[in-house]
Amino acid sequence: MLHISKAFGGVAALDDVTFFAEAGEIHALMGENGAGKSTLMNILSGVYRMDKGEIHINGEHVSVTNPARARELGISIIHQEFALANDLTVAENIFIDRLDRFINWRELEQKTQILLDELGFDDLSPKSKVGSISVAYQQVVEICKALSRNSRILVFDEPTAVLTSNEVDKLFSIIKSLRDKGVCIIYISHRLNEVFELCSKITVLKDGKYVDTVNTVDVTEKQLVRLMIGRELSEMFPPKTASIGEVVFEAEHISVPGIAEDISFHVREGEILGVSGLVGAGRTEVMQAIFGARKRNGGSVRYKGQSIRTDSPRHSVASGLGMLPENRKADGVLLEMPIKVNSTLCRLDRYLHAFGRIDRKKEDEDVTRTGESVHLKSSGILQKAGSLSGGNQQKVAIMKWILGSCRVLIFDEPTRGVDVGAKIEIYKIMDDLAAQGVAIIMISSEMPEIIGMSDRAIVMREGRITGELSKEELTEYNLIKLSMGVR
Amino acid sequence: MEKTKFAKLGTKEFWIQNSCFVILIVLVIASAFLSNVFFTRQNILNLLRQCIPLLIMSMGMLTVILTGGIDLSTGSIMGICNMVVAWFLFYHFGKSVGGLVISILISMVVGMVFGLLSGFLVTFGRLAPFIVTLAISQIARGCAYLISNAQPIRLNTKEAGTAVLTAFGNKSIPGIAIPWPIPVGVIVVVIFFLVMKYTSLGRIIIAIGSNENAVRLSGISVTSYKIIAYLISGFTAGLAGIIITSRVSTGSPITGDGYELDAIASCVIGGASLSGGVGTVVNTVIGVLVLQLLSNTLNLLSVPSYPQQIIKGIVMIIAVLAQRQKTSS
């Protein structure tokens, strides 16, 4: 791909990016969120059309005008979120775009079985409904779909995000065998260790621009991180200004049926407690259960030594507990609603007069002031939240809890899907909140974030707390050890 | 440069929100040209009076649609409320004004109970609003037939209470010569406008339609607000049923048949989104007027009712297409 440029509504998403990948190699594409990786791959697969640039395959200039054309050229993407029909069988899903008018079921299943056997998944039946098999197997189905089209270029977009470590191993062996067959593989991931294990070359993008292509053997993780963020990690986190006080929040013996058991922890005033662990360790579920957004078995929650009722979000919010959900678009903000409505949602009662009339003047003032305090970039408090950038949407979601005057806040992956600049600002907001005495519980899958922000961290693995680390003990090594269960 | 972008966006949104105004104005002009009786005081008042039951029902429908639900039972609730009020007036309370009040209250309670039932089934029963209200619609219609033995009740307009109701439906306010139902409709619309725009109830109902999960996680009881929405819809459907009764002085089990679809159509022509969170009171009023104007004009031109339906359907498609094209671009 040569000199690719693409702009969305005047904002450059890609600026003169050039990217080479060879047959039979696994090439990593890295960069922060918003660096332009997905845009580049969407151009390659014909989802977007580039403004400028050229794509060459085997030295031949090709034009990829739509996804169907990309498939003809042998380009396939395996997206993070699978494009599978849950109610159809494995075989139907694989051949969905090439079904004959009259389907020969036996032939279809045989072809599917051959593909599955090649990958070493003969235990998966072509007749199973896709909705009933595990996420890892669903990914296998996606891969089969790509292989059945004789793909020459295969893009994996964060394939391991949803997999357990066993499944990751299996996936890696598939990817390696594909490489040995001469397929060109482009691998997008945030996980440094995976990239170092799997890929021979790494191309780094930053803010829509090409930074560098390096051989994996020539760089260290540190150098790579510097390429990606363009600065030292330590510069990202604000100096700690909060002073830590008494224990204000305690959760004891919390269990979530089938997910987590006997979770107990406490947080102090002005303290940021990191919650680390692998995806699927049950961190989000436990916090949802504490907040009342999910059923829990037993356990108690105390605020300043007094037991509080948190069996529904309504009761939790009334007790001064708040939660910034992991999935901002689905659970965090009302995309169609203005910033104002979003920010005062949980404490509308403060602005009420007779007959439930809202005091708009006071509301406007409060929202404007809070917006300024978090450096919200918008055209005004009536701008729809959905038209803001990811980082600013997240700030709106945080404003809701600031205006809700919560004393204990759960931040679930607070910087997921936001760019580096906004990340730094969100860290600053968290530090400010802590300085005001708010106790913060921060779930994060990014280890630098846990290390940089937490005063203390607990690590979860398979639904249990496997350890607690003080500020001094917080190192990547210790975190990995506890989250993977290494002794 | 950024400023021009926002200005552009502004005009575009202006068009999306106001395409139903344009359609209304076009219809008014067309009607004025096509029929020389259209712009008479008598015809305009007639048009407005006719649209009042639909207008009131559409307000309740809008409330439910804003939460992301739908209420298919309103036509039947209108029917049962018409039956109940007529039955009580005819057999028990028709003789006095106090009796009239009691009959109306009982009838309204019946309407609200059906609304409440839908609300409970949608929230606690976790059933799809479409199915629940379709079932409630059947139940309400069945009850109406049961009460009436499938025979209409013709009210005795000589009794004092019944006479007041009939006068309300057929006479005008002395002095200004405006039919009584019109100010009632206006009051209902104004109340809904104020509630949706200025109160927490309105804001939270719209917020629920926009993103129910986020609202729940903000510590708001989504369940109670949804139930309130269906309750309101039952209330407005009942009120519509009573106003119809006052007009026709008859209790008939088929009253309100198909009204719910006109109410939904009004909301949609007014730009409301069936997935919730989008829609305004003013635009829904326009939607009602568009539908009513259409049948009024076609009646004036003595177009038979079947071609009328076809034309109505076409206008609906045009209205929705106009909004869609502008949204997607």
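The values are calculated or read from the model by the stated rules, or taken from the named source; none is laboratory data. Since we're looking at a predicted model, the values are computed, not measured. Note that we place each Cβ from the backbone using ideal geometry, even for glycine, and neighbour counts take in every protein chain shown.
Return the residue satisfying two criteria in turn: it lies in the range A:339-393 and is hydrophobic (A, V, I, L, M, F, W, C), more than 16 Å from residue B:207 (Cβ to Cβ) and not in a helix (DSSP H, G or I), and of such residues it is modelled with the highest pLDDT.
Among them, the one singled out is A:374.
Of all residues in the range A:286-304 being among the β-branched types (Val, Ile, Thr) and in a helix (DSSP H, G or I), which is farthest from the other protein chains (Cβ to nearest Cβ)?
Restricting to residues being among the β-branched types (Val, Ile, Thr) and in a helix (DSSP H, G or I), the top hit is A:286.
Could you count how many residues in the range B:145-164 are in contact with a helix residue (DSSP H, G or I) (Cβ under 7 Å, 6 or more places away or on another chain) and either among the hydroxyl-bearing types (Ser, Thr, Tyr) or at pLDDT 95 or above (or both)?
3
Would you point out which residue out of A:294, A:302 is in contact (Cβ under 8 Å) with a residue 24 or more places away in the chain and either surrounded by 18 or more Cβ atoms within 10 Å (Cβ to Cβ) or within 26 Å of the chain's Cα centre (by Cα) (or both)?
None of the other options fit; the residue is A:294.
Identify the residue in the range A:335-358 that is of a type in the set (D, E, K, R) and without any contact (Cβ under 8 Å) to a residue 24 or more places away in the chain and, among all such residues, is farthest from residue B:217 (Cα to Cα).
Among residues in the range A:335-358 that are of a type in the set (D, E, K, R) and without any contact (Cβ under 8 Å) to a residue 24 or more places away in the chain, the one farthest from residue B:217 (Cα to Cα) is A:357.
Return yes when residue B:208 is out of contact with any helix residue (DSSP H, G or I) (no Cβ under 8 Å at 6 or more places or on another chain), within 14 Å of chain A (Cβ to nearest Cβ) and within 30 Å of residue A:342 (Cβ to Cβ) and no when it is not.
Answer is no for this residue.
Identify, from the list A:194, A:167, the residue that is more than 13 Å from residue A:139 (Cβ to Cβ), part of a helix (DSSP H, G or I) and not polar (S, T, N, Q).
It is A:194.
Quick one: would you say residue B:219 is more than 14 Å from every other protein chain (Cβ to nearest Cβ) and of a type in the set (Gly, Ala, Ser)?
When the stated conditions are applied, residue B:219 does not pass them.
State which residue is farthest from residue B:260 (Cα to Cα) when the search covers only the range B:86-110 and only residues that are within 19 Å of the chain's Cα centre (by Cα) and β-branched (Val, Ile, Thr).
Here the answer is B:104.
Anything in the range A:86-124 that is at pLDDT 85 or above, part of a loop (DSSP other than H, G, I, E, B) and closer than 13 Å to residue A:137 by Cα? List them, or say none.
None; the set is empty.
Pick out the one residue from B:177, B:237, B:144 that is surrounded by fewer than 24 Cβ atoms within 10 Å (Cβ to Cβ) and either more than 14 Å from chain A (Cβ to nearest Cβ) or of a type in the set (Phe, Trp, Tyr) (or both).
Of the residues listed, the single one that is surrounded by fewer than 24 Cβ atoms within 10 Å (Cβ to Cβ) and either more than 14 Å from chain A (Cβ to nearest Cβ) or of a type in the set (Phe, Trp, Tyr) (or both) is B:177.
If you take the residues in the range A:305-334 that are under 24 Å from the mean Cα position of the chain (by Cα), at the interface with chain B (Cβ under 7 Å from one of its Cβ atoms) and in contact (Cβ under 8 Å) with a residue 12 or more places away in the chain, which one is nearest to residue B:206 (Cα to Cα)?
Checked the range A:305-334; the qualifying residue nearest to residue B:206 (Cα to Cα) is A:334.
Does residue A:382 satisfy the condition of being under 27 Å from residue B:194 (Cβ atoms) and assigned by TED's automatic domain parsing to the domain that holds residue A:310?
yes
With A:143, A:96 as the choices, which residue is in the same structural domain as residue A:175 (by TED's automatic domain parsing) and either crowded, with 18+ Cβ neighbours inside 10 Å or within 27 Å of residue A:24 (Cα to Cα) (or both)?
A:143
Only one of these conditions is not met by residue B:198: (1) free of Cβ contacts under 8 Å to residues at least 12 places away in the same chain; (2) hydroxyl-bearing (Ser, Thr, Tyr); (3) crowded, with 23+ Cβ neighbours inside 10 Å. Which number is it?
For residue B:198, the failing item is (3).
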